[in-house]
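The values are calculated or read from the model by the stated rules, or taken from the named source; none is laboratory data. Here the structure is a predicted model, which means the values were calculated and not measured. Here the Cβ positions follow ideal geometry from the backbone for every residue, glycine too, while neighbour counts run over all protein chains shown. Heads up: the accessible areas ignore ligands, DNA and RNA and are worked out on the full protein's heavy atoms, side chains in. Shrake-Rupley method; radii C 1.70, N 1.55, O 1.52, S 1.80 Å.
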Amino acid sequence: TNLLYVDYEPCDAGVTMRVFYPTSMTSSMFSALRPANVPHWKYYYGMLVFQFNVQRANALVRFVVVCACRLGWLVMRFIATINATMNAPLVADDGEKLDVIVFSHGLSGFRTCNANVACELAARGCVVFCVEHRDGSATASASSGENRSVQYQLYKPTGGTHESRRVQTKVRVTETLTCAKCVDDLDSGDFVSRNIWRGGGGRAQRVLDSFKGRLNVDSKTLCGFSFGGGSSCATTAQAPTVFARCVLFDHWLEYFNDDDILTSACSMPTLSLLSENWGSSKLAVNNTTMLTANTRTFYKVTINGAKHHDFSDVRAFLGLARNVIGMVGVVNIHAMHAFVAKITVDFIRNASNVQFSRDDAQRSMGRVIAQCKASLPDVRMH
């Protein structure tokens, strides 16, 4: 796969992104030489804060957990890696603008939690801006400190209340819209950046400079997974003209209590990709409210055999510990991520086209489903 990435933190914007984009270079054939799927050991620690609130444990337990996270990361850093190259040059300009996707991660996610899907999208000519949210819902979030140091904010336990998620959603909406503005600035060349990865230096700056005039900023796609799907719905309700379309992976809407947001969300063409049985219970009421609000163009595709975390990289960076979190299915994960990217790109370039009728759009995406039938035999469009 020919793709690469750069970490980008626009000065004073209050948001960090990992940007995946196509290149002519190839990544190393050796997994250990590729970038780590989990950026730092503190992300593993943040996962344990989310799962077990280890911050409340005594000092000895915290010390043991920290040591285990450091050791685990040192091992997994060479096993769970991203098939990409850091700070390589952008693919040569062929006259076509590159499609832009702004991606919002889920609860206890982080900027590389869905890296394999982002890589598949970048390999198909998209530039994917993966936001790392600082609302306290990420396992950890990185920001620049003094003297080019990197500071990490850990997950903030909230008791899992819906009120806390609604507060975090407001922060996420602001961060997502800030990211969209930063994309515009990159394309126009009107930006000041700093690279939070201390080794980025001039190479990272040259990569960011190369985006000038290359991005299709007038037709951005907003994409969100789980909690990120819910906050993406809220973003489209608050700013319906910023994005041309929306793609949702197992969007979580249970915490919403404002029908005004639900009825105005996703007024643009929207593709909903769902794992098996996702949204069959508590999600259904809010989801139905959103879907029946008006005659919007909304498409739904279910991937049977898949579970919630198959949209993410949990199988890779948690190893056997993924069983603790659960929600992992039986599908071929590589085939699923490739399919998710293929149907998303088809939706961006064909199905969401205003010149397409609903039947045309369904036929276009139906062809993608048929092409992947050998590896994903039970995918259904509703």
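Between 271, 262, 253, 248, which is in a loop (DSSP other than H, G, I, E, B) and either farther than 23 Å from residue 353 by Cα or touching a residue at least 24 places away in the same chain (Cβ under 8 Å) (or both)? If you could, list the steps in order and put the result at the bottom.
Values: 271 fails: in a loop (DSSP other than H, G, I, E, B); 262 fails: in a loop (DSSP other than H, G, I, E, B); 248 fails: in a loop (DSSP other than H, G, I, E, B).
After ruling out the rest, the residue left standing is 253.
Only residues that are closer than 24 Å to residue 194 by Cβ and crowded, with 20+ Cβ neighbours inside 10 Å: list them for segment 37-53, please.
Looking only at segment 37-53, we keep the residues that are closer than 24 Å to residue 194 by Cβ, and these are 37-43, 46.
Matches in segment 37-53: 37, 38, 39, 41, 42, 43, 46.
Going residue by residue through segment 48-65, is there one that turns out to be closer than 16 Å to residue 137 by Cα, outside any helix (DSSP H, G or I) and either at pLDDT below 90 or polar (S, T, N, Q) (or both)? Write out each step before concluding.
Of all residues in segment 48-65, those closer than 16 Å to residue 137 by Cα come to 48-55.
Among the residues that remain, those that are also outside any helix (DSSP H, G or I) are: 53.
Adding the requirement that they be either at pLDDT below 90 or polar (S, T, N, Q) (or both) leaves 53.
Yes, segment 48-65 contains a residue that is closer than 16 Å to residue 137 by Cα, outside any helix (DSSP H, G or I) and either at pLDDT below 90 or polar (S, T, N, Q) (or both).
Identify, please: which residue in segment 277-302 is of a type in the set (A, V, I, L, M, F, W, C) and more than 18 Å from residue 359 (Cα to Cα) and is, among those, modelled with the lowest pLDDT?
Once the filter is applied, the top-ranked residue is 283.
Restricting attention to segment 345-365, which residues are free of Cβ contacts under 8 Å to residues at least 24 places away in the same chain, in a helix (DSSP H, G or I) and surrounded by fewer than 16 Cβ atoms within 10 Å (Cβ to Cβ)? Give the steps one after another, and end with the answer.
Filtering segment 345-365 down to residues free of Cβ contacts under 8 Å to residues at least 24 places away in the same chain leaves 346, 350, 353-357, 359-360, 363-364.
Narrowing the set further to residues that are in a helix (DSSP H, G or I) leaves 346, 350, 359-360, 363-364.
Matches in segment 345-365: 359, 360, 363.
For segment 70-79, how many residues meet the condition of being open to solvent by 70 Å² or more (accessible area, probe 1.4 Å) and either polar (S, T, N, Q) or touching a residue at least 40 places away in the same chain (Cβ under 8 Å) (or both)?
At the first step, the residues of segment 70-79 found to be open to solvent by 70 Å² or more (accessible area, probe 1.4 Å) are 70-71, 74-75, 78-79.
Then keep just the ones that are either polar (S, T, N, Q) or touching a residue at least 40 places away in the same chain (Cβ under 8 Å) (or both); that gives 78-79.
The total comes to 2.
For every residue, the table says whether it meets (1) hydrophobic (A, V, I, L, M, F, W, C); (2) buried (at least 21 other Cβ atoms within 10 Å of the Cβ); (3) touching a residue at least 24 places away in the same chain (Cβ under 8 Å).
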position	(1), (2), (3)
14	no, no, yes
17	yes, yes, yes
58	no, no, no
64	yes, no, no
68	yes, no, no
81	no, yes, yes
91	yes, no, yes
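Which fully enclosed helices (runs of 4 or more DSSP H) of segment 130-241 have 1 or more residues being closer than 14 Å to residue 19 by Cβ and in contact (Cβ under 8 Å) with a residue 60 or more places away in the chain?
162-188, 201-209
Results for (1) farther than 25 Å from residue 210 by Cβ; (2) open to solvent by 30 Å² or more (accessible area, probe 1.4 Å); (3) not in a strand (DSSP E or B), shown as yes or no for each residue.
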{"residue": "96", "(1), (2), (3)": "no, yes, yes"}
{"residue": "99", "(1), (2), (3)": "no, no, no"}
{"residue": "122", "(1), (2), (3)": "no, no, yes"}
{"residue": "128", "(1), (2), (3)": "no, no, no"}
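Give all pairs with beta carbons closer than 6 Å in which a residue from segment 98-113 that is in contact (Cβ under 8 Å) with a residue 12 or more places away in the chain meets a residue that is of a type in the set (A, V, I, L, M) and open to solvent by 10 Å² or more (accessible area, probe 1.4 Å); count only pairs at least 6 apart in sequence or on separate chains.
Close Cβ pairs (under 6 Å, with a partner that is of a type in the set (A, V, I, L, M) and open to solvent by 10 Å² or more (accessible area, probe 1.4 Å)) amount to 99/348.
Could you run through segment 326-344 and say how many residues are open to solvent by less than 40 Å² (accessible area, probe 1.4 Å), under 18 Å from the mean Cα position of the chain (by Cα) and over 28 Å from residue 219 (Cα atoms)?
Of the residues in that region, 1 qualify.
In segment 85-144, which residues are under 19 Å from residue 315 (Cβ atoms) and of a type in the set (Val, Ile, Thr)?
Once the filter is applied, which keeps residues that are under 19 Å from residue 315 (Cβ atoms) and of a type in the set (Val, Ile, Thr), segment 85-144 yields 112, 117, 139.
Per-residue answers, yes or no, for (1) of a type outside the set (A, V, I, L, M, F, W, C); (2) under 11 Å from residue 102 (Cβ atoms); (3) touching a His at 6+ places or on another chain (Cβ under 6 Å); (4) surrounded by fewer than 24 Cβ atoms within 10 Å (Cβ to Cβ):
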{"residue": "214", "(1), (2), (3), (4)": "yes, no, no, yes"}
{"residue": "224", "(1), (2), (3), (4)": "yes, yes, no, no"}
{"residue": "230", "(1), (2), (3), (4)": "yes, no, yes, no"}
{"residue": "238", "(1), (2), (3), (4)": "yes, no, no, yes"}
{"residue": "248", "(1), (2), (3), (4)": "no, no, no, no"}
{"residue": "254", "(1), (2), (3), (4)": "yes, no, no, yes"}
